[in-house]
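The values are calculated or read from the model by the stated rules, or taken from the named source; none is laboratory data. Because the structure is a prediction, the values reported are computed rather than measured. All Cβ positions, glycine included, derive from the backbone under ideal geometry; neighbour counts span all protein chains shown.
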Amino acid sequence: MRISDGFGRGRPVISFEFFPPKTEAGFEALFRAIKELKELAPSYVSVTWGAGGSTRRKTVELTARIQDEIGITAMSHLTCVGSTADELGATLGQLRKLGIENVLALGGDQPEGYVAPPGALRYANELVALVRAGFDFCVGAACYPETHPRAPSAEADLAMLVQKVRCGVDFLITNLYFDNADYFSFVTRARAAGVGVPIVPGIMPIVSHASIRRMTALCGARIPAELAQRLDRAGEDDERTLEVGVEWSTAQCRELLARGAPGLHFYTLNKSNATRRIYQSLGL
């Protein structure tokens, strides 16, 4: 199934994101989580691409296994970092042979000291153009309600997004964020700039105080004052932090759907508990 075909049919497009584990035991645990989440009938799942293309082979294999063995439409992430245009083209060809119809085209996070190989692409819009030039995929891309951390300004970031969408993007998924006002404001700005494709909010259920502080520091997401206070009261107690995270994300999702968001994309961190609880609380 092409993911873009699911929008506008009266039901939100719900998706779950996973990353390739480092060990065989991790793969077994991941497949258990995916099988549990399959019961929720997601529209699709996605599989991330490691920094510098470090999980390229695992990403392709995992995406194909999920689609073939578990029976859920799967989307592979692709990034420019660590790969030449020819290598990315070869990966795209392999994905199509395996029956994958959907890719998420990303610029990618450059590791410290990264030196691009000769012939590498630099920006996501170049990758989108590469996909469109020679392959038949439904193409998703990323966007940042709070502005990309490397963008010189919100206006410059939006201009780059417009350029990327014009290269052939079918839908967008936002970076994680915790204040819905940022999402709705961003959608208004994007629509005014001519972006007409679906913009799906990315939801990160908080399961650990330390991990969410680390992730938000890396990607530039803001933790609203009220949420920060709740997390501080939970302290280092992961059970209490999980309760705070589930409650906050559930409220986020409920408002998003009520106000017309086209779907929800859950960053699962390869676990099913928090996402399942949020999903069931929404009555989906």
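Taking only the range 200-228 into account, find how many residues are among the aliphatic types (A, V, I, L, M) and buried (at least 16 other Cβ atoms within 10 Å of the Cβ). Selection size over the range 200-228: 10. Residues in the range 105-147 that are assigned to a strand (DSSP E or B) and closer than 24 Å to residue 182 by Cβ: 105, 106, 140, 141, 142, 143. Of everything in the range 249-275 that is part of a helix (DSSP H, G or I) and surrounded by fewer than 20 Cβ atoms within 10 Å (Cβ to Cβ), the residue that is modelled with the lowest pLDDT is 273. Considering 214, 189, the condition of being at pLDDT below 95 and part of a helix (DSSP H, G or I) is satisfied by 214 alone. Summed over the range 92-143, residues that are surrounded by fewer than 23 Cβ atoms within 10 Å (Cβ to Cβ) and under 16 Å from the mean Cα position of the chain (by Cα) total 5. For residue 200, state whether it is at pLDDT 95 or above and touching a strand residue (DSSP E or B) at 6+ places or on another chain (Cβ under 6 Å). Yes: the conditions hold for residue 200.
Entry remark, the range 1-54: residues being modelled with pLDDT under 90, of a type in the set (Phe, Trp, Tyr) and either touching a Pro at 6+ places or on another chain (Cβ under 8 Å) or not in a loop (DSSP other than H, G, I, E, B) (or both) number 2 in total.
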